[in-house]
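To keep things clear, I will list the structure first and then write my remarks on it.
Rule-based calculations on the coordinates, nothing more; no lab input. Since the structure is predicted, the reported quantities are computational estimates derived from the model, not experimental observations. So basically every Cβ, Gly included, is an ideal-geometry build from the backbone, and we count neighbours across all protein chains shown.
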Amino acid sequence: MDQSGKVWLAGAGPGDAGLLTVKTRELIESSDVIVYDALISAEILSLIPPGKEVINVGKRSGHHLMMQQEINEILLREAQKGKNVLRLKGGDPFVFGRGGEELELLVRHHIPFEIVPGITSASAVPAYAGIPVTHRDHASSFHVVTGHPRRDGTETLDYASLVNVEGTLVFLMGLTSMERILNGLIEAGLDPDTPAAVLEKGTLAAQRRVVSVAGRLAEDAGRAGIGTPAVILVGKVCALSEQFCWAEERPLGGRQILITRPRMSSSALAGKLRSLGAQVIELPAISTRSISPNFALQRAMKQFGDRAGEEWLLFTSPAGVRIFFEQLSELKMDMRYIFGRSARVKIAAIGSATEKALRGYGLLADVVPDVYCAAGLGEAVAACAQPGARITAVRAMSGSEELLPPLLEAGLKVDDIPLYETVYETHGQVKEKIQSLFEEGGIDAVTFTSASTVKGFVQTMEQLDFQSIHAFCIGAKTAEEASKYGMHISTAKEASMDSMTEQILEELGRHGR
């Protein structure tokens, strides 16, 4: 029986992670190996789970980390090991992506494969610049052309034919040849006053556009310092850009924000910021490692409900809620150990997200503090609990030291049960890409939702100049941790994702620029 693996040749689109196809997103999670190009954005790379085997082949116009034949051989070699290989390419793999070349070697060796089309930059980048490549009144066709000359430098374009089609001309990978291309079109009869545009880093936060006419575009683009990757357009539709521009007009359009979060977080904040136009890089600075088997929890639960007096269960994070019930299941315990023998059980949650996680298990929190922090939780429970009540806190091994003092000072009996360890991790390739973005000034802010995420970020990105970072923090303890590293601090008015979003919008939104 053939034990070879399989290759998926997938397009990642032009950079905005929101333009990934559903299938490609699923393959990022399920594949064994991911082979990717230099044009894959940090936002997309941040979606790759830690521990996934990744190979950066760094193929970019004029700058090849690996030659095409080497890339082909990598795909073959990994598949022959029995692995499922995702070949992640910018744009669409069959639109000047040399996808066909990568398949030829696989076909010769009978390696199974699938093609997953991607959104091509030929249409997406103009769309993000407000330029429709076709328009009933201006262009009934569009033509995608490679701007690359042959390897020997000789011309490949039939300029006369391109001019005669009278549609929108889209040139990919042609920035270094822009002047030659435009001159060739004009010499073939194109009116020098034909609208033209060059679009840099389209669909990303750093996207820029220069709209001019064919006779002056190269000069105007040079003056603006336009760099790669860039798409060149020639045609009447380019004049519509000012009227139809939209991407930069969104409240957080043009902003790139790094979100630090636990690996299992639902990324609610990322969704809110993306809906406002920000490009969001998700950096799972921390993950949780469950303590298993958890004999301390087993002993505590066996006694739970049998003791006289009031019993409390305290939860300090959504991850703690999830892991608590997972560990109960591992220990062959269920809700009866919590409620079956006593009606005196009460539950407290540190904040709204933890409260929501409890509701997912059919539990309503009796206490949620007004201030979402460990000290606030301890103080709120101490104020509500009956004298002599037994408190069982289930949380991280390195949980905040501020939870217990208010409880102990109130004379309550406390069991502090560790459920999980906090582990700091991220992908090496993501780290390198993010490091470069910080050095280029490409990240406007970093969000922190706990002191642990600050510690994880600092440990992961140890070479950064932290004093240059604008940190948005969910509360005072998180801000206190970030301030240790000299970060510029902004603190949400309330410890919630909505309040953090409002704070970011107030300081980084278009009205504040």
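Some observations on this one:
- Alpha carbon convex hull of segment 85-181, volume per residue in cubic angstrom: 145
- Panel values: segment 110-150, Kirkwood radius from alpha carbon pairs, Stokes-Einstein at 25 °C and 0.890 mPa s, translational diffusion coefficient 188 µm²/s.
- Counting only Cα atoms, the size of segment 72-128 along its three principal axes is 41, 18, 15 Å, in decreasing order.
- Dividing the Cα radius of gyration of segment 212-254 by 2.2 N^0.38 Å, with N the residue count, gives 1.33.
- Look at (1) 27.8, 95; (2) 22.5, 68; (3) 23.0, 76: the one that is Rg and Dmax of the Cα atoms in Å derived from this structure is (1).
- Across the options ILE347, PRO405, VAL371, the greatest Cα extent toward the positive end of the charge dipole of segment 342-445 (unit charges at beta carbon of Lys, Arg, Asp, Glu) belongs to ILE347.
- For the chain, share of DSSP beta bridges that run antiparallel, in % to the nearest 5: 30
- Here, P(r) means the percent of Cα pairs in each 5 Å bin from 0 to the largest distance; for segment 432-501 it is 4, 18, 30, 24, 16, 7, 1.
- Cβ-Cβ FRET estimate between ASN183 and TYR424, R0 fixed at 51 Å, reported to 0.05: 0.40
- Relative to the current alpha-carbon distance between SER140 and GLN386, full extension at 0.36 nm per residue lengthens the span by 80.9 nm.
- Spacing of the modelled spin labels on THR228 and LEU408, each 7 Å from Cα toward Cβ, amounts to 6.2 nm.
- Across segment 224-291, counting alpha-carbon atoms alone, Rg and Dmax equal 18.0, 64 Å.
- With both residues required to sit in segment 33-137, DSSP beta bridges show an antiparallel share near 20%.
- Low-density loop cleavage sites - GluC sites (Glu not before Pro) in segment 341-442, where at most 13 other Cβ are within 10 Å (DSSP): GLU401, GLU440
- Helical mean residue ellipticity (222 nm; -39500 (n - 2.57) per DSSP H run of 4+; nearest 500) of the chain: -9500 deg cm²/dmol
- Contour excess over end-to-end distance, with Cα ends at GLU330 and GLU166 and 0.36 nm allotted per residue: 52.2 nm
- Entries of LYS89/LYS272; LYS201/LYS493; LYS52/LYS433; LYS83/LYS201 with Cα pairs more than 26 Å apart: LYS89/LYS272; LYS201/LYS493; LYS83/LYS201
- Shown in residue order for segment 454-459 are the 3J(HN,Hα) couplings computed by the Karplus curve 6.51 cos²θ - 1.76 cosθ + 1.60 at θ = phi - 60°: 5, 4, x, 5, 5, 5 Hz (x for Gly and Pro).
- Between TYR361 and GLN68, the modelled labels are 5.5 nm apart [label points 7 Å from Cα along Cα→Cβ].
- Cα centroid of segment 188-248 to Cα centroid of segment 387-456, whole Å: 47
- Normalised by 2.2 N^0.38 Å, with N the number of residues, the alpha-carbon radius of gyration of segment 370-454 equals 1.57.
- For segment 154-208, diffusion coefficient by Stokes-Einstein and Kirkwood Rh (Cα), 10 °C, 1.306 mPa s, µm²/s: 127
- Linear extension gain, GLU219 paired with ASP193, 0.36 nm per residue minus alpha-carbon span: 8.0 nm
- Using R0 = 25 Å, the C-beta based FRET efficiency linking GLU480 and GLU507 works out to 0.80.
- Taking the average, over residues, of other Cβ atoms within 10 Å as the packing measure, peptides 15-24, 252-261 rank 252-261, 15-24 from highest down.
- Loop-located trypsin sites (Lys or Arg not before Pro) in segment 104-199 whose Cβ has at most 11 other Cβ within 10 Å (DSSP): ARG136, ARG150, ARG151
- Volume per residue that the Cα convex hull of segment 1-119 spans, once the total is divided by residue count, Å³: 94
- Nearest-0.05 FRET efficiency for MET397 and GLN3, computed from C-beta distance (R0 51 Å): 0.75
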